[in-house]
1. Looking only at segment 82-117, which residues are crowded, with 20+ Cβ neighbours inside 10 Å and in contact with a helix residue (DSSP H, G or I) (Cβ under 9 Å, 6 or more places away or on another chain)?
2. Show me the helices (runs of 4 or more DSSP H) found entirely inside segment 204-288 where at least 2 residues are under 15 Å from the mean Cα position of the chain (by Cα) and free of Cβ contacts under 8 Å to residues at least 40 places away in the same chain.
3. Is there any pair linking a residue in segment 143-169 that is touching a residue at least 12 places away in the same chain (Cβ under 8 Å) to one that is hydroxyl-bearing (Ser, Thr, Tyr) and surrounded by 14 or more Cβ atoms within 10 Å (Cβ to Cβ), with Cβ under 6 Å and at least six apart or on different chains, and which?
4. Which residues, taken from segment 280-311, are buried (at least 17 other Cβ atoms within 10 Å of the Cβ) and farther than 12 Å from Ala257 by Cα?
5. If I filter segment 71-88 down to residues being under 22 Å from Ser127 (Cα atoms), in contact with a strand residue (DSSP E or B) (Cβ under 7 Å, 6 or more places away or on another chain) and among the aliphatic types (A, V, I, L, M), which single residue comes out as modelled with the lowest pLDDT?
6. State which residue is surrounded by the fewest Cβ atoms within 10 Å (Cβ to Cβ) when the search covers only segment 184-203 and only residues that are modelled with pLDDT of 85 or more and not in a helix (DSSP H, G or I).
7. Pull out all pairs, ordered by first then second residue, where Cβ-Cβ is under 9 Å, the residues are six or more apart or on different chains, the first lies in segment 325-345 and is surrounded by fewer than 17 Cβ atoms within 10 Å (Cβ to Cβ), and the second is polar (S, T, N, Q).
8. Could you list all residues from segment 128-180 that are under 17 Å from the mean Cα position of the chain (by Cα), of a type in the set (D, E, K, R) and not in a loop (DSSP other than H, G, I, E, B)?
Amino acid sequence: MIGWMWMRIRDWRILELLVILFFVAGQANAQSDETVSTASVEYAFGQSMTFAVTAVSPTIVDQATLFVSAPELPNTLSVVIGVSPAREIEATYVLDLSQVQLAPFTTVTYWWVLQSGSSETTLAQQSVIYEDNQFEWRTADQDGIVVHWTGDDAGLGQLGLDIVAEVWPRLTRIVPADEAAALNIYIYPSSADLRAALRLTGRDWVGAHAHPELGVILVTAVNSRTAAADLRQSIPHELTHFLLYQAAGSNYKSIPAWFGEGLATFVESSTNPGYETVLATAVSDQTTIPFAELCQTFPAVEQRTLLAYSQSVSFIRYLQGRYGSQALRDLTAAYADGLDCESGVSHVLQESLTDLNQDWLRQQQPRSPLAQFWRNNGFWLLLLTGGFGLASLLVLRPGRRN
């Protein structure tokens, strides 16, 4: 009896072992039907980006195709790479970044497709942030805003966050804001460094730069003594473009240049002191630029560009003074909805851009010294005159009889 039971136990153990072996063999076969791969990318900023893949396939691979996409590329880039037919392959491709110019700090997405005869295997997509890796960036973040900077000034990142917090309430009264939108602000140590980074990626040097579609702002802080003043001018300006993009989306490029740049300059803590002089000279010489000509873009000539900025911020101040901040908010909404330059103005303000241009220009005309004195002191003169008049009436009033 004991011997028979022992035989039964032994048979069950053999059966259990066979089941385990069968399961393991099945798993091994299943795994052998899948492609195992490793993909990687390395880059030298502004020079080259190297993509590599190694793969072990259940079938012979005779071709590998690399696909690369980025928000600013008009089409997905594809490159066919021949490989020696084998189940284990390695493929590499070097992308020349002087020919395919990526925006700094953009997100590059890439993937590989392996060809085995008539069948294809698409490997998983991967992404890399094309950060300017010429620097070691420090970071500080708050409520989705991340400030990146270099150097030993530990407070520079917090300064950037503080400036965003300062301007945010004022700016969002005009431009609606999505608090969930992420924003990265990179503070370069010098104008030369930012200029070099932009030129390496085929961008023009503009002093500060925004990639609102990427959620990136590039500014400079040259030294600790002027950092606060510089950043209080550049960060609010570029933040305005970022929020306008968030509000307008695909209609962002349709926002009139005078409105976008004028509003961005308007929210700066301190505007360029030269704007008033440039504007006054143009008004005196009758060489101002009609705002209808500033709908699409600003002039390329530096002096005329400066005039366009000075006119635009002055026009925004004029509109706010005449119609209030709500009008600016309504204009933002109109342009975000896709109305063109002149239609947005007539829809919101019930006046043509030409008529407003003329009224704004009349207000910019230089005043005589007497007119300027009356403008500055008229209220007090009226108050003083009224006081003397009242005193005279009291003195000349006949006494009450007994």
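The values are calculated or read from the model by the stated rules, or taken from the named source; none is laboratory data. What you see is a predicted model; the values in this text were computed from it and never measured. No Cβ is skipped: glycine too gets one built from the backbone with ideal geometry, and neighbour counts run over all protein chains shown.
1. Passing the criteria: only Pro104.
2. Once the helices (runs of 4 or more DSSP H) in segment 204-288 are filtered for at least 2 residues that are under 15 Å from the mean Cα position of the chain (by Cα) and free of Cβ contacts under 8 Å to residues at least 40 places away in the same chain, what remains is 227-248, 257-266.
3. Pairs that qualify, where the first residue is touching a residue at least 12 places away in the same chain (Cβ under 8 Å) and the partner is hydroxyl-bearing (Ser, Thr, Tyr) and surrounded by 14 or more Cβ atoms within 10 Å (Cβ to Cβ), are His148/Tyr186.
4. Answer for segment 280-311, where residues must be buried (at least 17 other Cβ atoms within 10 Å of the Cβ) and farther than 12 Å from Ala257 by Cα: Ala282, Val283, Thr288, Ile289, Leu306, Leu307, Ser310.
5. Ranking the candidates gives Ile81 first.
6. Within segment 184-203, the match that is surrounded by the fewest Cβ atoms within 10 Å (Cβ to Cβ) is Ser190.
7. Correct list of pairs: Ala327/Gln320; Asp337/Asn251; Gly338/Ser250; Gly338/Asn251; Gly338/Ser254; Asp340/Ser254; Glu342/Ser352; Glu342/Thr354.
8. Scanning segment 128-180 gives a single hit, Asp141.
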